[in-house]
Amino acid sequence: MKKLLALTLTLVLALSLCACGGTETSTTEEESTTTPESTETKTVEIPPVEDLTGTDTSTIMGVEDGVLTVGMECAYAPYNWTQMDDSNGAVEISNVPGSYANGYDVMIAKRICEAYGWELEIVSSAWDSLTPAVQSKTMDANIAGQSMTAERMAEVDMAGPYYYATIVCVTTKDSEFANATSIADLAGGTCTAQSGTIWYDTCLPQIADADIIAPADTAPAMIMQLETGTVDFICTDMPTAMGAVAKNDNLVILNFSGTEGDFQFATEEERAENVNIGISVAKGNTELKDAIDKVLSALTEEHFNALMDQAIAIQPAI
């Protein structure tokens, strides 16, 4: 499955934020349907959260107390980030007093908790610590932009997908690679990606003669390496790229998806598992997985994209 192609900066900044859990609307580039005969624009209406508070969740592992504890980096815009107030519906980070989390992952977490009447607790965690935290039941779930890879799903169970994230590269407008139309055109470039991701472990090695430097610990660190000229380009997913471009108009997205010059996987199933983004729960916690899937099933790919547009529109400067 594919997600939306790159959005323009002007359109992203024009998107408006609506209250999460109510009726939300957003317009994207591919959703616009303007013709010579009509100037009407298609608007995606996100359904209100279904009321599932009558569901008995008292025996579901992790939420017996009515609290869903969710792990995320709080440093991975537009999926999640840290801000210093509760504006735009941000939620306090329980282990970082005085700080608040917001972003697409927070929006999804709030929908899940609103549906069942759970309290939401957000915990900031390093990327490499997310899976161990769910395994040890320190976290009930990770909503953190994690791909549903076979390797990860051998360690945890995953609800979703709750997003479909195309793999892209990002460079600067004045770069010699700015007009690249395939990964072959990136040959010889200096590059990086975030540690522990398919972008670094599988995608970058496919670029001929690439000078792959050490991975970045976080998405902001990866973007900073591009902005400071440490690397010629980075590999990431579309939402992260869109968020970066929205805050820095000197960056450009290189999207090879759907072409022969795209990153290659052994099968379409393998490709899908690397672009489908899921929610991690402990192995065997089927009841919590099913409860989360019940909420996600009310949303389509269009709805996911519209919510992501809202997150990008309110994200802070990177």
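The residues of region 175-185 that are in contact with an Asp or Glu (Cβ under 8 Å, 6 or more places away or on another chain) and touching a residue at least 40 places away in the same chain (Cβ under 8 Å), listed by number, are SER175, GLU176, PHE177, SER182, ILE183. For region 93-117, the tally of residues that are over 19 Å from the mean Cα position of the chain (by Cα) and closer than 24 Å to ASP128 by Cβ stands at 5. Scanning region 202-224 for residues that are over 19 Å from the mean Cα position of the chain (by Cα) and among the charged types (D, E, K, R) yields ASP209, ASP211.
Only one of the numbered conditions (1) assigned to a loop (DSSP other than H, G, I, E, B); (2) out of contact with any helix residue (DSSP H, G or I) (no Cβ under 8 Å at 6 or more places or on another chain) is not met by GLU114, and that is (1).
Of all residues in region 252-295, how many are in contact with a Phe, Trp or Tyr (Cβ under 9 Å, 6 or more places away or on another chain), under 26 Å from GLU50 (Cα atoms) and aliphatic (A, V, I, L, M)? Qualifying residue count for the region: 5.
Residue count for region 160-177 satisfying the condition of being in a loop (DSSP other than H, G, I, E, B), buried (at least 21 other Cβ atoms within 10 Å of the Cβ) and among the hydrophobic types (A, V, I, L, M, F, W, C): 1.
Just one of the listed residues (ALA144, ALA133) is part of a helix (DSSP H, G or I), under 22 Å from TYR100 (Cβ atoms), within 22 Å of the chain's Cα centre (by Cα) and not charged (D, E, K, R), and it is ALA133. Specify the residue that is most open to solvent (accessible area, probe 1.4 Å); the eligible residues are those in region 147-159 that are in contact (Cβ under 8 Å) with a residue 24 or more places away in the chain and outside any helix (DSSP H, G or I). Within region 147-159, the match that is most open to solvent (accessible area, probe 1.4 Å) is GLU155.
With respect to the stated conditions, THR228 fails to be polar (S, T, N, Q), out of contact with any Leu (no Cβ under 8 Å at 6 or more places or on another chain) and either in contact (Cβ under 8 Å) with a residue 24 or more places away in the chain or within 27 Å of SER129 (Cα to Cα) (or both).
Of everything listed in (1) closer than 22 Å to ILE277 by Cα; (2) open to solvent by 20 Å² or more (accessible area, probe 1.4 Å); (3) out of contact with any Pro (no Cβ under 8 Å at 6 or more places or on another chain), the single unmet condition for ASP85 is (1). Tell me, yes or no, whether region 131-146 has at least one residue that is among the charged types (D, E, K, R), crowded, with 22+ Cβ neighbours inside 10 Å and either more than 26 Å from THR236 (Cβ to Cβ) or in contact (Cβ under 8 Å) with a residue 24 or more places away in the chain (or both). Yes, that holds for at least one residue.
The values are calculated or read from the model by the stated rules, or taken from the named source; none is laboratory data. Model, not experiment: these values are computed from the prediction. As a convention, Cβ positions derive from the backbone with ideal geometry for all residues, glycine included, and neighbour counts pool all protein chains shown. Heavy atoms of the whole protein, side chains included, go into the accessibility calculation; ligands, DNA and RNA do not. Shrake-Rupley method; radii C 1.70, N 1.55, O 1.52, S 1.80 Å.
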